[in-house]
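Read the structure below first, then the notes.
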Amino acid sequence: MPIEKTLVILKPDAVARGLVGEITARFERAGLRIVAMKMLRATPEQIERFYPSSEEWFRSAGSKLLKAYQELGIDPRKRLGTDDPVEVGHKIKENLVKYMTSGPIVVMVLKGNRAVEVVRKLVGPTAPHSAPPGTIRGDYSVDSPDLAAEEGRVVYNLVHASDSLAEAEREIKFWFREEEIVA
Ligand code: UDP
Ligand code: MG
């Protein structure tokens, strides 16, 4: 069945900038339906558990940042004290907890044809400075990994979206009880 559910989080910067309506409208405009939605303030423990702590996740996030640093001509050993992808991944997660708990967030479940892939397409790639126009991250932010590194934080990129069907199922269960999702 190509009809899927996926999890989206409007991160603290999206809420603080008053972009909840505009960003949500983009998903609705594309034909996705909101089947659950709430605003909350996440605790550090919640964010710590929400993002995976597998070596695979650390390596993937770390490699992404190392690739961005390479493109931007930044020496990761000078900036981060290491060029090991897993260690870099751990540092990202620490700063991600700070970011995601810095203000209220909006968590929602979107449903539709190939929702996981479609939402990732609408959101765009991780670093807003290189996200194409037309994507949420490309249209609403100019943040980049080098600026973020200078300020000792992760990139502020407005939105979280599940990156696979399996992750979507886990992430939806993490934030919502079954009876909170409309049929
Ligand atoms: N992150 C970052 N730099 C990176 C990788 C990740 O700032 O090189 C932050 C960013 O806020 C991102 C989050 O950590 O949204 C989760 O990382 P992931 O690789 O899952 O990116 P996403 O799926 O959000 O595009
Ligand atoms: Mg991700």
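Please treat every number below as a calculation from the coordinates, not as lab data. Every value quoted in this text rests on a predicted model; they were computed, and no experiment measured them. Note that we place each Cβ from the backbone using ideal geometry, even for glycine, and neighbour counts take in every protein chain shown.
Using every Cα-Cα pair within segment 8-127, state what percent have a distance larger than 21 Å.
Considering segment 8-127, 50 percent of its Cα-Cα pairs are separated by more than 21 Å.
Which of the chymotrypsin sites (Phe, Trp or Tyr not before Pro) across segment 38-135 are loop residues per DSSP, with 16 or fewer other Cβ within 10 Å?
Nothing satisfies the criteria.
Using Cα springs under 10 Å in a Gaussian network model of the chain, which residue among S162, S60, S141 shows the largest mean-square fluctuation?
For the chain, modelled as a Gaussian network with Cα springs under 10 Å, the answer is S60.
Across segment 53-183, how many lysine pairs separated by 8 or more positions, or lying on different chains, have Cα atoms within less than 25 Å?
Lysine pairs satisfying the spacing and distance rule in segment 53-183 number 19.
Computed over the Cα atoms of segment 91-140, what is the ratio Rg over Rh, Rh following Kirkwood?
1.03
To the nearest 0.05, what FRET efficiency results for T82 and R41 with a Förster distance of 41 Å applied to their C-beta separation?
0.80
Apply the Debye scattering formula to segment 77-183, with a single equal point scatterer on each alpha-carbon and no solvent, then give log10 I(q)/I(0) at q = 0.13, 0.22 Å⁻¹.
Each listed q maps to, in turn, -0.60, -1.32.
I need the fraction of alpha carbon pairs in segment 1-42 separated by more than 12 Å, rounded to a whole percent.
Percent of Cα pairs beyond 12 Å in segment 1-42: 66.
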